[in-house]
Amino acid sequence: MTTVPPATAELSADEARRIALRAQGFLGAPDRRGGVRGVLRHLGAVQLDTISVLARSHELIPYARLGAVGRKTVEDAYWTPAPDGAAQARPHAFEYWSHAACVLPIEEWPHFAFRRRAYRAHPKWYHALPAGAYDAVLRQLRTEGPLTATELGGAKNGGPWWDWSEAKVAVERALMYGEVVCTGRRSWKRVYDLAERAVPDDLLHDDLDDTECLRRLVRLAGQSLGVGTRADIADYHRLKGEQVDAVIADSGLVPVTVAGWGKPAWADPEALATEPRGRHRTTLLSPFDSLVWERARTERIFGFTHRLEAYVPKPKRVYGYFAMPLLSGGRLLGRVDPAREGKTLVAKQVSLDTPKAVLPMAKALWEAAEWVGCSDVRVERVDAPELRGPLTAALAAV
C-alpha cells in the first residue's frame, strides 16, 4: 500500500455513517425527477442476480430508495432507449462485469476499456470454442440484429446450467471483449447486439488508457460511497488494491480519518462540504444492495453482520435463504427472510435487534407487500419470541 498523505478531515463514526447513507441515496429527499435512471447514475452500478423472492435485486435497489415505483417502470428505465435527437435511439444502460454482473450507466462504457483489454489479452476462457464459432455469432448479429442466446442457436447443450452451447460461449466471450453489448433483457434472457451499433458513437471507444479508466472508477466509487477505506473503494468495482493505490492520489478524493475505523480512509470532497441532513428511509434492502456489498464495511459502519445465505446449506442458515436487512433511522435494525404465497407476503423468519425495530419492520413489510401486489402479511417465526406479539399487533395497526 502506498503512503497516505495527512488527513484533511477527522470524522466521527456517526458522521461517516450519515455521509455513507446520503451517498447511497438513503438520507435526504430522493431524486424523484431523476427516477430509476437517476438512482442508477447516482450509484454507478446496480447488481443483477437470478434470485427472485419479492422481486429481482435490480428492482429492489431503486425501490429501496424511491419507494413503491412500478416494477415495469423499473425495467423500462433500464432498458427502454429514448430518442436523442438522432435516428438511433440512445440506450441508458448496459450490462457488464463491475462489482459483479451489473447494470451500468451507458456513460461508463469507456471506463471499462481496461477490463475489456485484459479479457482480450487472455483469450483462453472457461469454455473451449471451435474455430469459426466466434465469427459466426458476430455475423449473425450483424445480419439479424439484436438476439438472445436462444435465438443465436441455443444457450445450452442439454446438461447443467454451465454446459453452454457454442453460440452462448461465443457471444459471452464477445460481451467480455466489448464487441457485443447487452442493452436489454427479454424474459430475463440477455439481448445481445453489436457494440458498434448499440453504444453511442461518442462513447464507443477504448482510447482511455488503463490508468485513466482506473482513476475515473476510483473517483466514482468514492462518490458513491461518500467515504471509504482502500478496500471499500476497491471492492465497489472489484479493482485490485494496487490499482487503487496507483491512481487514488489523482482521483479527486481526499484522505480522512474516521474514529474507530483503524484504517486510512478517503472521501468525496463534496460529501464533506455539507452536513448530511434530511429524512431517513425505512425499507427492506436486497442482500445485493450496494449499501451492504462489503461485509467488513457493513460491520464497521453499522455494527451489523450481513451474509447472503442462499448458497449456504439449509441446516446451516442462521437468518434464512434471502434475508433482507431492515434499514430505519439510518441504522440496520434486523432482517427478514420473505416469501410470497399468492397474495400473502410471508415473513418466514424475522430477526430484530431491538424492540424499537418492531414498528419499522411492520411498516417495511406492508410497504413491500403492497409493492408486489400482496394484500396480507403473515409472520411464521420471530427469533425473539417476546417480540412476536408486538410485531403481530404492529402489523395489524399499520
Filtering helices (runs of 4 or more DSSP H) wholly in region 1-93 for at least 3 residues that are modelled with pLDDT of 90 or more and within 18 Å of residue 285 (Cα to Cα) gives 13-23, 35-43, 57-66
Cβ-Cβ under 8 Å, sequence separation 6+ or interchain: first residue in region 290-310 and within 19 Å of residue 15 (Cα to Cα) and touching a residue at least 12 places away in the same chain (Cβ under 8 Å), partner open to solvent by 40 Å² or more (accessible area, probe 1.4 Å) and of a type in the set (Ser, Thr, Tyr). Which pairs?
298/305
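Given the structure, is residue 181 in contact with a strand residue (DSSP E or B) (Cβ under 9 Å, 6 or more places away or on another chain), over 28 Å from residue 12 (Cα atoms), surrounded by 21 or more Cβ atoms within 10 Å (Cβ to Cβ) and modelled with pLDDT of 90 or more?
Details: in contact with a strand residue (DSSP E or B) (Cβ under 9 Å, 6 or more places away or on another chain): yes; over 28 Å from residue 12 (Cα atoms): yes; surrounded by 21 or more Cβ atoms within 10 Å (Cβ to Cβ): yes; modelled with pLDDT of 90 or more: yes.
The answer is yes for residue 181.
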Only one of 320, 330, 334 that is within 24 Å of residue 395 (Cβ to Cβ), touching a residue at least 24 places away in the same chain (Cβ under 8 Å), open to solvent by less than 20 Å² (accessible area, probe 1.4 Å) and out of contact with any Leu (no Cβ under 7 Å at 6 or more places or on another chain)
320
Residue 228 being open to solvent by less than 10 Å² (accessible area, probe 1.4 Å), part of a strand (DSSP E or B) and not polar (S, T, N, Q):
yes
Only one of (1) part of a helix (DSSP H, G or I); (2) in contact with a strand residue (DSSP E or B) (Cβ under 8 Å, 6 or more places away or on another chain) does not apply to residue 197, and that is (2)
If you take the residues of region 143-178 that are in a loop (DSSP other than H, G, I, E, B) and open to solvent by less than 20 Å² (accessible area, probe 1.4 Å), which of them is modelled with the lowest pLDDT?
154
Kindly list, by first and then second residue, each pair from a residue in region 183-195 that is under 19 Å from residue 139 (Cα atoms) to a residue that is open to solvent by 30 Å² or more (accessible area, probe 1.4 Å) and in a helix (DSSP H, G or I), limited to pairs with Cβ atoms under 8 Å and residues at least 6 apart or on different chains.
183/79; 194/142
With within 18 Å of the chain's Cα centre (by Cα) and open to solvent by 20 Å² or more (accessible area, probe 1.4 Å) as the only criterion, which of 300, 295 stands out?
295
Is it true that some residue in region 316-329 is part of a loop (DSSP other than H, G, I, E, B), over 23 Å from residue 357 (Cβ atoms) and over 23 Å from the mean Cα position of the chain (by Cα)?
no
Of everything in region 240-263, what is open to solvent by 20 Å² or more (accessible area, probe 1.4 Å), aliphatic (A, V, I, L, M) and either part of a loop (DSSP other than H, G, I, E, B) or at pLDDT below 95 (or both)? Give them in sequence order.
259
Matching residues in region 350-366 - criterion: being open to solvent by 20 Å² or more (accessible area, probe 1.4 Å) and among the polar types (S, T, N, Q)
354
Take the conditions under 30 Å from residue 140 (Cβ atoms) and buried (at least 23 other Cβ atoms within 10 Å of the Cβ) and apply them to residue 267. Does it pass?
no
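The values are calculated or read from the model by the stated rules, or taken from the named source; none is laboratory data. Note that the coordinates shown come from a computational prediction; the quantities given were computed from them, not determined experimentally. Backbone-built Cβ (ideal geometry, glycine too); neighbour counts: all protein chains shown. Each accessible area value is taken on the protein alone, full model and side chains, heavy atoms only, with ligands, DNA and RNA left out. Shrake-Rupley method; radii C 1.70, N 1.55, O 1.52, S 1.80 Å.
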